[in-house]
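To start, the structure itself, in structure tokens.
Each reported figure results from applying straightforward, stated rules to the coordinates on display, with no laboratory input. Everything numeric here is computed off the predicted structure, so don't read it as measured data. Using ideal geometry, Cβ is built from the backbone for each residue, glycine included, and neighbour counts are taken over all protein chains shown.
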Amino acid sequence: FWTELYLVYSSGLMPRFVQCRFIEESRPVWPISNPSALRPLLEELARCLASREKSARIDRIAERIILETLVPPHVHANTRILKASEAIQNNWQSPPDLESLARKCNMSVSTFQRRWNESMGITPARYALGLKLQEACRLLIETSDSISEVANACGFEDEFYFSRCFRRQFGSPPRTYRKEHLIRSGRAM
């Protein structure tokens with residue numbers, strides 16, 4: 001007995017997902033990379049829906065679920081690579097460098113990089129950047145912090161670099177992202 005969970009997106013969203021580099025057209029389906037992070041979000045969403053709560057909270061939870069499902073997949077990551085990914089997740093604001101991660105996995109840097117890329121499909125730096133930007137999305141919607149404060153809270157020393165990374169990942173600058181999501185949730189700026 002096992003549970004399988006599929007989140008299905010409208011085919012009309014495919015061009016946008018490809019443009020934002022969330023998915024590749026050649027691989028539109030993949031396993032969720034961190035099911036343990038998704039379960040509490042789904043349970044929280046179920047509680048909100050059961051209580052018939054009509055609030056921006058449901059939108060924020062749904063957005064976090066979507067972001068979690070779009071994290072690139074683990075392709076049979078071995079336990080050492082999973083340990084390294086946990087080290088990045090636990091210290092996403094200033095993740096360990098390649099040498100530290102390789103030492104943690106008892107591998108040379110080149111072997112670590114090769115195994116990581118085989119398992120994760122992206123570099124450790126890109127993985128850490130994705131975690132930072134995921135947190136930035138949450139802060140932009142859930143707080144009234146300035147863009148500079150959000151950038152600093154997410155480990156970016158330069159607000160302009162943060163904005164470039166954010167635009168590259170999501171297709172719009174942080175200010176526009178915040179405005180669009182606050183309007184959709186019924187909150188005005």
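I want to check the label-to-label distance for LEU82 and ARG52. Put each point 7 Å from Cα in the C-beta direction and report it in nm to one decimal.
My value for the distance between the label points is 4.3 nm.
Give, in nm to one decimal, the length gained when the segment between THR143 and GLU180 is fully stretched (0.36 nm per residue of separation minus the Cα-Cα distance).
In short, 11.9 nm is gained.
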